[in-house]
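Take a look at the structure below.
The values are calculated or read from the model by the stated rules, or taken from the named source; none is laboratory data. Please read all numbers here as calculations on a predicted model, not as lab measurements. Note: ideal-geometry Cβ built from the backbone for every residue, glycine included; neighbour counts use all protein chains shown.
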Amino acid sequence: MYYFPLQPPYFLLLVGFLAALTSGIALSGTLKVIVQNWPSEPTENAKPRSSLKQLFVPFLGITGGICLFMFSGLEIFGFPSLLALGVGLPISLLTCLLVWLQLGSMLTFIQREGMQSLDLDSFS
């Protein structure tokens, strides 16, 4: 038997998308401010962990928005609510965790090696 929700969560899908989008814009602005302040600070005293603390709240907003978007999207496509939550939440959280770890390692690498170390055009 097919499962069709009586009220598909289109509103929650839109809210999740807008939450992730606005938090992404906030993360971008915060990251630009952090990177602009690096040349004025000495490299020995600057800690990448302090810059990650500033990025945590916008990234948490992105994570929440993506989780809501995945859950709502799966429910719209016919998954029951509990199954949509059981599939969407681990996928979203694991992906966001891996992106957070990659962001932290890239910030540490850039701070240690400099911005020129990311010039990928010079390898070709």
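I'd like the residue in the range 11-51 that is modelled with pLDDT under 85 and under 29 Å from residue 89 (Cα atoms) and, out of all such residues, is surrounded by the most Cβ atoms within 10 Å (Cβ to Cβ). Looking at residues that are modelled with pLDDT under 85 and under 29 Å from residue 89 (Cα atoms), I get 51.
Flag not set for residue 91, criterion: within 23 Å of residue 14 (Cα to Cα) and at pLDDT below 95.
Based on this model, can you work out whether residue 8 counts as surrounded by 11 or more Cβ atoms within 10 Å (Cβ to Cβ) and modelled with pLDDT under 90? Spell out how you get there, then give the answer.
On the way: surrounded by 11 or more Cβ atoms within 10 Å (Cβ to Cβ): yes; modelled with pLDDT under 90: yes.
Against the criterion (surrounded by 11 or more Cβ atoms within 10 Å (Cβ to Cβ) and modelled with pLDDT under 90), residue 8 qualifies.
If the condition is being in contact (Cβ under 8 Å) with a residue 12 or more places away in the chain and polar (S, T, N, Q), then the range 46-80 contributes 51, 54, 63, 72.
Is there a residue in the range 102-117 that is surrounded by 14 or more Cβ atoms within 10 Å (Cβ to Cβ) and within 13 Å of the chain's Cα centre (by Cα)? Even if it seems obvious, please write down each step before you answer.
The first filter runs over the range 102-117 and keeps only residues surrounded by 14 or more Cβ atoms within 10 Å (Cβ to Cβ), leaving 103-104, 107-108, 110-111.
Next, only the ones that are within 13 Å of the chain's Cα centre (by Cα) stay: 103-104.
Yes, there is a match, as at least one residue in the range 102-117 is surrounded by 14 or more Cβ atoms within 10 Å (Cβ to Cβ) and within 13 Å of the chain's Cα centre (by Cα).
Check whether at least one residue in the range 60-67 is farther than 18 Å from residue 10 by Cβ and crowded, with 20+ Cβ neighbours inside 10 Å, and report yes or no. Looking through the range 60-67, at least one residue is farther than 18 Å from residue 10 by Cβ and crowded, with 20+ Cβ neighbours inside 10 Å.
When residues in the range 92-101 are screened for being without any contact (Cβ under 8 Å) to a residue 40 or more places away in the chain and surrounded by 15 or more Cβ atoms within 10 Å (Cβ to Cβ), 2 of them pass. With respect to the stated conditions, residue 78 is in a loop (DSSP other than H, G, I, E, B) and either under 28 Å from residue 12 (Cα atoms) or under 10 Å from the mean Cα position of the chain (by Cα) (or both).
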